[in-house]
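What follows is a set of notes on a single structure, which appears directly below.
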Amino acid sequence: MTLTPLTRPARLRPGARVAVVAPSGPVPAERLEAGLDILRGWDLDPVVAPHVLDVHPRLGYLAGTDEDRARDLQEAWCDPAVSAVLCARGGYGVQRMAGLLDWTAMRAAGPKVFVGYSDITALHEAFAQRLGLVTLHGPMTAAMTFLKDTGTQESLRATLFEPESVRTLGQDTARGLVPGRASGVTLGGCVSLLAAELGTPYARPSAAGGLLLIEDVGEEPYRLDRILTQLLSSGRLDGVAGIGLGSWAECGPYEDVRTLLLDRLGGLGVPVVEELGFGHGESNLTVPLGVPAVLDAESATLTLDVPALV
């Protein structure tokens, strides 16, 4: 099966209500408030889900119980007054609560904007598989990159309000790693999550016809090797059209990471572009998942055929 474009939600308008949820790890209150101030500065009306500041009573790496995290996300998504659902942070926990969501009810609620990255990759896959929706791989409300980096903020703001203004993605650092030019539908996220999702009912079985966008944090080259080898061996990357690489923060010397990426991905015979500026790095450009695009290794750009939102 070849990937096809997904349904694009509507762009945001001034005054839009956006819900902030915490599907994964616990959220520092002061960072959450700073992020909410940025959203208010964009003339948005952010509302915080009831359990965002919770911490699981026994497992301190989770933002409250699985049931409460799932309920927050589902109620926010199904609220007709909410135009977008933004994740407060990543960490770990999405895979524990995905099976508790009522996907039929969420599908009936209709399309709206969904934003997050890192552990939220598991929800990007689930939203694509279960709801058929374009989602935004972008900064989270309480993430330090969002709070400190104006380029990260502007990329998300422009995508939300003026998506036609950010059709070409890339940074001055971007370079072609493997030559070529390819068209396809964007998908991806944190590569360790893509590997962890293999075999689950929420992951798509193939990236055929897709432009795979991947990044990660804190994974040494040998662990990235294992992750990529798993994806290759499983057939998940069969038929992929091209690969765009984001940041590899805390993954060891970048030359070592680059060597590993070339070793594992170079044999696919598709264009690969590195350092596109999304992910866990010092900047985190917003990238839509589920839209048709062109990856060009010569210009080191990812160009969307259509704006991320309608």
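The values are calculated or read from the model by the stated rules, or taken from the named source; none is laboratory data. What you are looking at is a predicted structure, and each value in this text was computed from that prediction instead of being measured. Here Cβ is always computed from backbone atoms with ideal geometry, including for glycine, and neighbour counts include all displayed protein chains. Ligands, DNA and RNA are stripped out before the accessible areas are found, and what is left, the full protein with its side chains, is counted by its heavy atoms. Shrake-Rupley method; radii C 1.70, N 1.55, O 1.52, S 1.80 Å.
Say each of residue 232 and residue 100 gets a label point 7 Å from the Cα, pointing the same way as Cα to Cβ; how far apart are those two points in nm? Spacing of the two 7 Å Cα→Cβ label points: 3.8 nm. Of interest is the spacing of the C-alpha centroids, which for segment 1-41 and segment 146-172 amounts to 14 Å. Please give the Cα centre distance for segment 204-247 versus segment 262-310, rounded to the nearest Å. Measuring centre to centre over Cα atoms gives 13 Å. What a 1.4 Å probe finds exposed on segment 244-310 is 53% carbon and sulfur by accessible area, rounded to a whole percent.
For the chain, the longest principal axis of the C-alpha atoms and the axis of helix 254-265 are separated by about 70°. Annotation for residue 222 and residue 167: the two label points, set 7 Å from Cα along the Cα-Cβ direction, are 4.7 nm apart.
Going by the alpha-carbon gyration tensor, a ≥ b ≥ c the square roots of its eigenvalues, is segment 165-310 rounded (a/c under 1.5) or, if a/c is not under 1.5, prolate (a/b greater than b/c) versus oblate? Let's see the in-between values first.
Numbers: a/c = 1.40, a/b = 1.15, b/c = 1.22.
Verdict is rounded for segment 165-310.
Heavy-atom surface analysis with a 1.4 Å probe gives segment 16-146 a carbon and sulfur content of 49 percent of its accessible area. If you take all other residues with their beta carbon under 11 Å from the beta carbon of residue 252, and give Lys and Arg +1 and Asp and Glu -1, the sum is -3. Taking every Cα-Cα distance in the chain and sorting them into 10 Å bins from zero, the calculated P(r) comes out as 6, 30, 38, 21, 4, 0 percent.
To check you understand DSSP bridge types, tell me what percent of the beta bridges within the chain (both residues inside) are antiparallel, rounded to 5. Here the antiparallel bridges make up roughly 40 percent for the chain.
Of the accessible area of segment 151-201, computed with a 1.4 Å probe over protein heavy atoms only, carbon and sulfur atoms account for 49 percent.
Approximating the spin labels as points 7 Å out from Cα along Cα→Cβ, the residue 299-to-residue 158 distance works out to 1.5 nm. In the context of the full set of protein chains, segment 211-310 has a per residue accessible area of 35 Å² (1.4 Å probe).
Kindly report the accessible area of segment 1-159 per residue (heavy atoms of protein chains, probe 1.4 Å, no ligands, DNA or RNA), in Å².
39 Å²
Within a Cβ distance under 10 Å of residue 307, other residues only, what is the Lys/Arg minus Asp/Glu net charge? That sum, taken over residues with Cβ under 10 Å, equals 0.
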